[in-house]
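Everything on this sheet refers to the single structure shown next.
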Amino acid sequence: MKQEMKDRKHNILKSIHSSSWGISMIALTVVAVLEIFMIGFSIANAEFYGPYLGIYRSFYIFLLLAALIYIALNFYIKMDIENRQKLLNVLNPVYVVLFFAWSLGIIYYDASITGNFDPAVFMTFSLIIPLSFFLFPSVYALIVVLADAILLYIAIWATGTSAPLINLVFFFIFQFILGISFLRIKIRLAERILIEEENAKIDVLTGLPNRRFYENDLKEQTEEGLKVDLIYMAIDLNGLKETNDHYGHETGDKIIVGAARCIEECFAKKGKVYRIGGDEFAVILHGNKQEMEEMIASFEESMKKWSEENGVTLSASYGYVCLKEHPELNITELAKEADNRMYEAKAEYYSTDDRNRRKYIS
């Protein structure tokens with residue numbers, strides 16, 4: 001259960017980074033353009049800054065570089081969001097803290113020069129941050145509370161009065177509600193995308209992982225390396241077309257669902273079961289040949305029991321291959337060999353008791 005929750009959280013984060021990538025890039029580009037403008041302004045109006053020119057210009061350059069570096073990192077991470085999103089999980093709060101620190105620094109120096117309190121820069125970045133970065137609402141709330149406490153101290157220190165406090169309170173509420181609401185929207189959007197992706201990989205009729213899920217798993221198996229105890233099994237139902245023609249597709253669907261339950265009951269404890277076609281199933285599991293024979297015996301018994309309970313014959317042909325016996329094969333070649341053995345079993349099935357595809361009725 002803990003691992004499932006951890007995997008789901010990982011997938012939500014991955015989905016958030018993928019779905020909010022575009023708007024993050026727009027917001028960060030706005031920041032970069034703004035800082036380029038401010039650097040130009042500081043060059044054209046150096047006398048306006050007086051002795052603080054170097055300090056302000058260093059702030060502008062710092063933020064420009066931070067935005068450009070983060071844009072580059074986002075492009076880097078987008079190319080492999082599956083493995084690199086963990087980097088964003090660390091960098092997001094770090095950059096948020098740096099952006100808040102930068103804006104607080106500007107306000108502090110403004111106050112020290114003019115004696116006036118102007119939180120405009122801080123307000124701007126408080127609105128840009130939820131757009132540019134993803135943080136969990138609790139993390140964002142903690143950072144905002146600390147930043148606003150510093151802002152409050154600067155306000156009182158700069159003015160020596162409580163006059164700006166009422167404005168800061170309203171701003172804090174607005175900032176808090178807007179920022180957390182936007183982050184929660186990001187989470188809900190990511191969960192919705194995740195659910196849609198999960199549904200796209202589930203067979204509607206049987207509830208088993210479908211061919212898309214199956215192909216993704218084959219790719220992962222290849223990338224991670226095949227374990228020596230891997231077994232691939234191909235299963236194909238017997239006489240389904242004849243059953244559909246004679247009894248109707250409702251009965252055919254009933255058989256498919258029944259087969260899915262029998263396969264799942266007997267093999268899922270050792271691996272994964274997929275429906276990869278109309279009456280085609282695949283099983284990828286880990287075990288030895290003795291365990292496999294025991295599971296097959298259980299599968300045969302389960303199909304027999306289901307047939308007796310439902311008054312319709314459920315029959316399947318199958319073939320399996322153990323990687324331990326064929327270590328030279330890759331996962332695709334294992335699947336092909338298992339298919340060949342399954343078709344041999346099917347040919348034998350239809351040749352027995354004068355059964356064939358043209359006249360056999362389940």
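The values are calculated or read from the model by the stated rules, or taken from the named source; none is laboratory data. This one's a predicted model, so the numbers in the text were calculated from it and none came from an experiment. For neighbour counting, all protein chains shown are included, and Cβ atoms are generated from backbone atoms with ideal geometry for every residue, glycine included.
Can you confirm whether Thr313 is surrounded by 14 or more Cβ atoms within 10 Å (Cβ to Cβ) and among the polar types (S, T, N, Q)? Judged against the criteria, Thr313 is a match. If you go through the stretch 329-362 and keep only what is touching a helix residue (DSSP H, G or I) at 6+ places or on another chain (Cβ under 9 Å), at pLDDT below 85 and among the polar types (S, T, N, Q), you end up with Asn356, Ser362.
Scan the stretch 127-148 for residues that are of a type in the set (Val, Ile, Thr) and out of contact with any Pro (no Cβ under 8 Å at 6 or more places or on another chain) and report the count.
4
Residues being over 15 Å from Gly319 (Cβ atoms) and in contact with a strand residue (DSSP E or B) (Cβ under 6 Å, 6 or more places away or on another chain): count how many of those fall in the stretch 257-278. The number of residues fulfilling the criteria is 8.
Please verify whether the stretch 317-328 includes one or more residues that are over 38 Å from the mean Cα position of the chain (by Cα), modelled with pLDDT of 90 or more and surrounded by 14 or more Cβ atoms within 10 Å (Cβ to Cβ). No, there is no match, as no residue in the stretch 317-328 is over 38 Å from the mean Cα position of the chain (by Cα), modelled with pLDDT of 90 or more and surrounded by 14 or more Cβ atoms within 10 Å (Cβ to Cβ). For the stretch 354-362, the criterion of being among the small types (Gly, Ala, Ser) and farther than 15 Å from Tyr232 by Cβ is met by at least one residue.
Scanning the stretch 321-331 for residues that are assigned to a helix (DSSP H, G or I) and either acidic (Asp, Glu) or touching a Ser or Thr at 6+ places or on another chain (Cβ under 8 Å) (or both) yields a count of 2.
Figure legend. Inter-residue proximity from the stretch 209-225: first residues on the phi > 0 side of the Ramachandran plot, second residues acidic (Asp, Glu) and part of a helix (DSSP H, G or I), beta-carbon distance below 9 Å, spacing 6+ or different chains. No pairs are indicated. Scanning the stretch 236-277 for residues that are within 22 Å of Asn340 (Cα to Cα), in contact (Cβ under 8 Å) with a residue 60 or more places away in the chain and not aliphatic (A, V, I, L, M) gives Asp236, Asn238, Gly239, Lys241, Lys272, Tyr274, Arg275, Gly277.
State whether the residues of the stretch 10-25 include one that is at pLDDT 80 or above and surrounded by 15 or more Cβ atoms within 10 Å (Cβ to Cβ). The answer is yes; a qualifying residue exists.
Taking (1) surrounded by 15 or more Cβ atoms within 10 Å (Cβ to Cβ); (2) free of Cβ contacts under 8 Å to residues at least 24 places away in the same chain; (3) of a type outside the set (D, E, K, R); (4) within 21 Å of Phe182 (Cβ to Cβ) in turn, Ile71 satisfies each apart from (2).
Out of all the residues in the stretch 79-88, is one or more outside any helix (DSSP H, G or I), out of contact with any Asp or Glu (no Cβ under 7 Å at 6 or more places or on another chain) and either at pLDDT 75 or above or of a type in the set (Asp, Glu) (or both)? Yes, some residue in the stretch 79-88 is outside any helix (DSSP H, G or I), out of contact with any Asp or Glu (no Cβ under 7 Å at 6 or more places or on another chain) and either at pLDDT 75 or above or of a type in the set (Asp, Glu) (or both). Annotation note: of Leu323, Leu285, the sole residue that is in contact with a Lys or Arg (Cβ under 7 Å, 6 or more places away or on another chain), farther than 15 Å from Asp236 by Cα and aliphatic (A, V, I, L, M) is Leu285.
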